[in-house]
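First comes the structure, then the notes that go with it.
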Amino acid sequence: MRVELLTPDPDTEPRHWVRHDQAFAMMLGPGSIEWGSKRSALEKFGYAAGDLALCHRHEGEWVGLMNVRHLQLGISDAALMATSDGAYGEVELHPSRKFADPRLSALVAAARAEMVAGFPSGRLFMDSVEQAMAVTLVEGHAVRHRPVQIYRGGLGSARLRRIRELVHAKMGDDLSLDEMAQSIGLSTAHFARMFRKSTGETPHQFVLRQRIERAKAMLRVPDVRVLDVAVACGFTTQQHFAQVFRDVCGVSPTKYRQDFLDSKVICASETHSEDMLRL
(Lines give C-alpha, C1' and ligand atoms only; values in the text may rest on other atoms or scores of the structure.)
Protein backbone atom coordinates (compact mmCIF):
# COMPACT_ATOMS: atom_id res chain seq x y z
CA MET A 1 0.00 0.00 0.00
CA ARG A 2 1.30 3.44 -0.93
CA VAL A 3 0.88 6.24 1.64
CA GLU A 4 1.76 9.87 0.81
CA LEU A 5 1.32 13.11 2.72
CA LEU A 6 0.45 15.97 0.32
CA THR A 7 0.61 19.63 1.29
CA PRO A 8 -1.20 22.62 -0.27
CA ASP A 9 0.06 23.44 -3.75
CA PRO A 10 0.18 27.14 -4.71
CA ASP A 11 0.50 26.23 -8.40
CA THR A 12 -2.93 26.83 -9.96
CA GLU A 13 -2.08 25.27 -13.32
CA PRO A 14 -4.32 22.16 -13.67
CA ARG A 15 -2.52 18.84 -13.90
CA HIS A 16 -3.76 15.50 -15.17
CA TRP A 17 -3.15 12.68 -12.73
CA VAL A 18 -3.37 9.06 -13.85
CA ARG A 19 -2.91 6.46 -11.13
CA HIS A 20 -1.81 2.88 -11.59
CA ASP A 21 -3.48 1.80 -8.35
CA GLN A 22 -6.80 2.76 -6.78
CA ALA A 23 -6.21 5.98 -4.88
CA PHE A 24 -8.27 7.80 -2.31
CA ALA A 25 -7.51 10.66 0.05
CA MET A 26 -8.43 11.80 3.56
CA MET A 27 -8.34 15.51 4.33
CA LEU A 28 -6.31 16.45 7.40
CA GLY A 29 -7.83 19.90 7.79
CA PRO A 30 -10.29 22.33 6.21
CA GLY A 31 -9.71 23.56 2.68
CA SER A 32 -10.61 22.90 -0.93
CA ILE A 33 -9.47 21.08 -4.08
CA GLU A 34 -10.47 21.63 -7.69
CA TRP A 35 -11.39 18.36 -9.42
CA GLY A 36 -12.70 17.58 -12.88
CA SER A 37 -12.84 15.01 -15.65
CA LYS A 38 -11.75 17.78 -18.07
CA ARG A 39 -9.24 20.59 -17.80
CA SER A 40 -11.90 23.07 -18.86
CA ALA A 41 -14.50 21.90 -16.35
CA LEU A 42 -12.97 21.94 -12.88
CA GLU A 43 -15.29 22.10 -9.89
CA LYS A 44 -14.22 23.34 -6.47
CA PHE A 45 -15.01 21.11 -3.48
CA GLY A 46 -14.76 22.31 0.11
CA TYR A 47 -13.58 19.86 2.76
CA ALA A 48 -13.46 19.49 6.50
CA ALA A 49 -10.93 17.40 8.38
CA GLY A 50 -11.75 13.71 7.93
CA ASP A 51 -13.58 14.06 4.61
CA LEU A 52 -12.65 11.46 1.97
CA ALA A 53 -12.29 11.54 -1.82
CA LEU A 54 -12.11 8.49 -4.09
CA CYS A 55 -10.31 9.13 -7.37
CA HIS A 56 -11.32 7.97 -10.84
CA ARG A 57 -8.69 5.41 -11.62
CA HIS A 58 -9.01 4.62 -15.34
CA GLU A 59 -9.62 8.12 -16.72
CA GLY A 60 -7.49 9.89 -14.17
CA GLU A 61 -8.34 13.28 -12.71
CA TRP A 62 -7.73 16.87 -13.70
CA VAL A 63 -6.66 18.63 -10.50
CA GLY A 64 -6.36 22.37 -10.09
CA LEU A 65 -5.70 24.44 -6.98
CA MET A 66 -5.17 22.37 -3.82
CA ASN A 67 -5.19 24.28 -0.55
CA VAL A 68 -5.86 21.46 1.87
CA ARG A 69 -3.35 19.12 3.51
CA HIS A 70 -4.32 15.52 2.87
CA LEU A 71 -3.14 11.94 3.01
CA GLN A 72 -3.31 9.96 -0.23
CA LEU A 73 -3.37 6.17 -0.18
CA GLY A 74 -3.01 3.69 -3.02
CA ILE A 75 -4.73 0.29 -2.80
CA SER A 76 -3.33 -2.48 -5.00
CA ASP A 77 -5.33 -4.51 -7.51
CA ALA A 78 -4.40 -7.64 -5.59
CA ALA A 79 -6.01 -6.34 -2.38
CA LEU A 80 -9.21 -5.30 -4.19
CA MET A 81 -9.50 -8.55 -6.15
CA ALA A 82 -8.89 -10.61 -3.02
CA THR A 83 -12.06 -9.22 -1.45
CA SER A 84 -14.09 -11.18 -4.01
CA ASP A 85 -11.56 -14.02 -4.44
CA GLY A 86 -11.06 -12.95 -8.06
CA ALA A 87 -14.75 -13.39 -8.97
CA TYR A 88 -14.91 -10.08 -10.83
CA GLY A 89 -11.43 -9.91 -12.28
CA GLU A 90 -10.40 -6.29 -11.92
CA VAL A 91 -12.58 -4.51 -9.35
CA GLU A 92 -14.03 -1.18 -10.49
CA LEU A 93 -15.00 1.44 -7.91
CA HIS A 94 -17.31 4.43 -8.29
CA PRO A 95 -15.28 7.65 -7.96
CA SER A 96 -16.55 10.13 -5.38
CA ARG A 97 -15.27 13.67 -4.91
CA LYS A 98 -16.43 13.89 -1.32
CA PHE A 99 -17.85 11.34 1.10
CA ALA A 100 -17.68 10.17 4.69
CA ASP A 101 -17.00 6.66 6.01
CA PRO A 102 -16.10 6.31 9.71
CA ARG A 103 -14.60 2.84 9.27
CA LEU A 104 -12.40 3.92 6.38
CA SER A 105 -11.37 7.08 8.25
CA ALA A 106 -10.29 5.00 11.26
CA LEU A 107 -8.18 2.76 9.01
CA VAL A 108 -6.56 5.79 7.36
CA ALA A 109 -5.79 7.20 10.81
CA ALA A 110 -4.06 3.92 11.70
CA ALA A 111 -2.01 4.04 8.48
CA ARG A 112 -1.08 7.66 9.14
CA ALA A 113 0.05 6.93 12.71
CA GLU A 114 2.16 4.04 11.42
CA MET A 115 3.73 6.27 8.74
CA VAL A 116 4.53 9.05 11.23
CA ALA A 117 6.20 6.48 13.50
CA GLY A 118 8.35 5.21 10.62
CA PHE A 119 6.38 1.99 9.93
CA PRO A 120 7.65 0.13 13.02
CA SER A 121 4.94 -2.58 12.92
CA GLY A 122 6.16 -4.02 9.61
CA ARG A 123 4.53 -5.29 6.44
CA LEU A 124 1.95 -7.53 8.06
CA PHE A 125 0.31 -4.63 9.89
CA MET A 126 0.11 -2.46 6.74
CA ASP A 127 -1.06 -5.46 4.68
CA SER A 128 -3.86 -5.99 7.20
CA VAL A 129 -4.85 -2.31 7.07
CA GLU A 130 -4.80 -2.36 3.24
CA GLN A 131 -6.96 -5.49 3.15
CA ALA A 132 -9.49 -3.95 5.56
CA MET A 133 -9.56 -0.78 3.43
CA ALA A 134 -10.12 -2.86 0.28
CA VAL A 135 -13.07 -4.69 1.85
CA THR A 136 -14.61 -1.38 2.97
CA LEU A 137 -14.15 0.20 -0.47
CA VAL A 138 -15.58 -2.78 -2.33
CA GLU A 139 -18.57 -3.04 0.03
CA GLY A 140 -19.41 0.63 -0.34
CA HIS A 141 -18.16 1.67 -3.78
CA ALA A 142 -17.85 -1.32 -6.12
CA VAL A 143 -19.57 -0.98 -9.50
CA ARG A 144 -20.22 -4.72 -9.47
CA HIS A 145 -21.03 -5.42 -5.86
CA ARG A 146 -21.23 -8.79 -4.17
CA PRO A 147 -21.59 -9.12 -0.39
CA VAL A 148 -18.49 -10.46 1.30
CA GLN A 149 -18.89 -14.21 1.57
CA ILE A 150 -19.22 -15.70 5.04
CA TYR A 151 -17.14 -18.82 5.54
CA ARG A 152 -18.15 -21.36 8.18
CA GLY A 153 -15.87 -23.53 10.23
CA GLY A 154 -12.61 -21.65 9.78
CA LEU A 155 -9.26 -23.23 8.98
CA GLY A 156 -8.52 -26.89 9.62
CA SER A 157 -5.97 -28.01 12.19
CA ALA A 158 -3.34 -28.83 9.54
CA ARG A 159 -3.52 -25.33 8.04
CA LEU A 160 -3.41 -23.68 11.46
CA ARG A 161 -0.36 -25.78 12.34
CA ARG A 162 1.32 -24.71 9.10
CA ILE A 163 0.68 -21.04 9.94
CA ARG A 164 2.08 -21.45 13.46
CA GLU A 165 5.19 -23.15 12.05
CA LEU A 166 5.65 -20.34 9.52
CA VAL A 167 5.27 -17.63 12.16
CA HIS A 168 7.77 -19.29 14.52
CA ALA A 169 10.25 -19.96 11.69
CA LYS A 170 10.11 -16.32 10.56
CA MET A 171 9.65 -14.64 13.93
CA GLY A 172 12.46 -12.17 13.27
CA ASP A 173 11.42 -11.45 9.66
CA ASP A 174 9.03 -8.87 8.21
CA LEU A 175 6.26 -11.39 7.50
CA SER A 176 3.48 -10.34 5.09
CA LEU A 177 -0.20 -11.27 4.96
CA ASP A 178 0.25 -12.53 1.40
CA GLU A 179 3.07 -14.85 2.47
CA MET A 180 0.91 -16.34 5.22
CA ALA A 181 -2.03 -16.84 2.85
CA GLN A 182 0.11 -18.40 0.11
CA SER A 183 1.62 -20.88 2.56
CA ILE A 184 -1.77 -22.61 2.80
CA GLY A 185 -3.01 -21.87 -0.73
CA LEU A 186 -5.62 -19.16 -0.04
CA SER A 187 -6.21 -15.61 -1.21
CA THR A 188 -5.33 -12.91 1.30
CA ALA A 189 -8.93 -11.88 2.01
CA HIS A 190 -10.18 -15.47 2.28
CA PHE A 191 -7.28 -16.34 4.57
CA ALA A 192 -7.82 -13.30 6.81
CA ARG A 193 -11.53 -14.10 7.26
CA MET A 194 -10.97 -17.81 7.84
CA PHE A 195 -8.09 -17.18 10.26
CA ARG A 196 -10.16 -14.85 12.41
CA LYS A 197 -13.02 -17.34 12.35
CA SER A 198 -10.65 -20.03 13.62
CA THR A 199 -8.69 -18.09 16.25
CA GLY A 200 -10.72 -15.00 17.17
CA GLU A 201 -7.69 -12.89 16.20
CA THR A 202 -6.50 -11.13 13.07
CA PRO A 203 -3.24 -12.51 11.60
CA HIS A 204 -1.44 -9.40 12.84
CA GLN A 205 -2.79 -9.83 16.39
CA PHE A 206 -1.76 -13.49 16.36
CA VAL A 207 1.78 -12.78 15.16
CA LEU A 208 2.17 -9.96 17.68
CA ARG A 209 1.07 -12.25 20.52
CA GLN A 210 3.53 -14.94 19.41
CA ARG A 211 6.32 -12.37 19.32
CA ILE A 212 5.50 -11.15 22.82
CA GLU A 213 5.39 -14.72 24.17
CA ARG A 214 8.83 -15.42 22.73
CA ALA A 215 10.09 -12.13 24.12
CA LYS A 216 8.84 -13.03 27.60
CA ALA A 217 10.71 -16.34 27.44
CA MET A 218 13.92 -14.61 26.30
CA LEU A 219 13.64 -11.91 28.98
CA ARG A 220 13.70 -14.60 31.67
CA VAL A 221 17.36 -15.15 30.77
CA PRO A 222 19.28 -12.50 32.77
CA ASP A 223 22.19 -11.92 30.37
CA VAL A 224 20.22 -11.37 27.14
CA ARG A 225 20.06 -7.70 26.12
CA VAL A 226 16.63 -6.15 25.59
CA LEU A 227 17.77 -4.92 22.16
CA ASP A 228 18.67 -8.49 21.13
CA VAL A 229 15.25 -9.69 22.32
CA ALA A 230 13.55 -7.00 20.24
CA VAL A 231 15.44 -7.91 17.06
CA ALA A 232 14.98 -11.66 17.54
CA CYS A 233 11.24 -11.18 17.95
CA GLY A 234 10.78 -9.11 14.78
CA PHE A 235 10.65 -5.56 16.14
CA THR A 236 12.46 -2.87 14.16
CA THR A 237 13.49 -0.80 17.18
CA GLN A 238 13.89 -1.32 20.91
CA GLN A 239 11.55 1.62 21.51
CA HIS A 240 8.74 0.06 19.47
CA PHE A 241 9.26 -3.27 21.20
CA ALA A 242 9.07 -1.62 24.63
CA GLN A 243 5.89 0.23 23.67
CA VAL A 244 4.12 -2.89 22.35
CA PHE A 245 5.33 -5.01 25.29
CA ARG A 246 4.00 -2.45 27.76
CA ASP A 247 0.65 -2.26 25.93
CA VAL A 248 0.25 -6.04 26.02
CA CYS A 249 1.78 -6.92 29.40
CA GLY A 250 1.21 -3.76 31.40
CA VAL A 251 4.89 -3.36 32.28
CA SER A 252 8.12 -2.58 30.44
CA PRO A 253 10.41 -5.42 29.31
CA THR A 254 12.97 -4.42 31.97
CA LYS A 255 10.33 -4.40 34.72
CA TYR A 256 8.99 -7.77 33.53
CA ARG A 257 12.49 -9.27 33.76
CA GLN A 258 13.13 -7.77 37.19
CA ASP A 259 9.79 -8.99 38.53
CA PHE A 260 10.53 -12.49 37.23
CA LEU A 261 14.02 -12.57 38.78
CA ASP A 262 12.68 -11.20 42.09
CA SER A 263 10.01 -13.90 42.17
CA LYS A 264 12.68 -16.56 41.64
CA VAL A 265 14.70 -15.18 44.55
CA ILE A 266 11.63 -15.18 46.81
CA CYS A 267 10.72 -18.70 45.72
CA ALA A 268 14.27 -19.95 46.40
CA SER A 269 14.29 -18.29 49.82
CA GLU A 270 10.98 -19.85 50.80
CA THR A 271 12.19 -23.27 49.68
CA HIS A 272 15.35 -22.87 51.73
CA SER A 273 13.33 -21.87 54.82
CA GLU A 274 11.08 -24.94 54.47
CA ASP A 275 14.14 -27.18 54.20
CA MET A 276 15.62 -25.67 57.37
CA LEU A 277 12.38 -26.24 59.27
CA ARG A 278 12.40 -29.90 58.30
CA LEU A 279 15.86 -30.18 59.81
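Some points to look at:
- Between R220 and E179, the simple spin-label model (points 7 angstrom out along Cα→Cβ) gives 2.8 nm.
- Largest to smallest in accessible area, the residues F206, F260 fall in the order F260, F206 (1.4 Å probe, all protein chains included).
- Computed from the Cβ-Cβ distance with R0 of 41 Å, the FRET efficiency linking V143 to Q243 stands at 0.50.
- Spacing of the two label points (7 Å from each Cα toward its C-beta) at A232 and Q205, in nm: 2.8
- Remark: accessible surface ordering of H141, H56 (largest first) is H56, H141, probe radius 1.4 Å.
- Residues whose amide H lies under 5 Å from that of I75, counting only those 5 or more places away or on a different chain, are Q22, A23, F24; hydrogens are built 1.01 Å from N in the peptide plane.
- What the phi angles of the stretch 73-79 give under the Karplus curve with 6.51, -1.76 and 1.60, with θ = phi - 60°, is a coupling list of 10, x, 9, 6, 4, 4, 5 Hz, glycine and proline written as x.
- 3J(HN,Hα) along the stretch 220-235, derived from phi through the Karplus expression 6.51 cos²θ - 1.76 cosθ + 1.60 where θ = phi - 60°, amounts to 6, 8, x, 8, 7, 5, 4, 4, 5, 5, 4, 5, 5, 9, x, 9 Hz, with x in place of Gly and Pro.
- When each of the peptides 221-230, 127-136 is scored by how many other beta carbons lie within 10 Å of its residues on average, the order from highest to lowest is 127-136, 221-230.
- Volume of the Cα convex hull of the stretch 183-247, divided per residue and given in Å³: 106
- Amide H contacts for V68 (H built 1.01 Å from N in the peptide plane; partners 5 or more residues away or on another chain; cut-off under 5 Å): D9, S32.
- Added length on full extension, which subtracts the Cα-Cα distance from 0.36 nm per residue, E43 to A106: 19.9 nm
- The slack in the chain from D77 to T7, taken as 0.36 nm per residue of separation less the alpha-carbon distance, amounts to 22.6 nm.
The values are calculated or read from the model by the stated rules, or taken from the named source; none is laboratory data. Keep in mind the model is a prediction, meaning the values are calculated, not measured. Ideal geometry is used to build each Cβ from the backbone, glycine not excepted, and the neighbour counts take in all protein chains shown. Ligands, DNA and RNA are stripped out before the accessible areas are found, and what is left, the full protein with its side chains, is counted by its heavy atoms. Shrake-Rupley method; radii C 1.70, N 1.55, O 1.52, S 1.80 Å.
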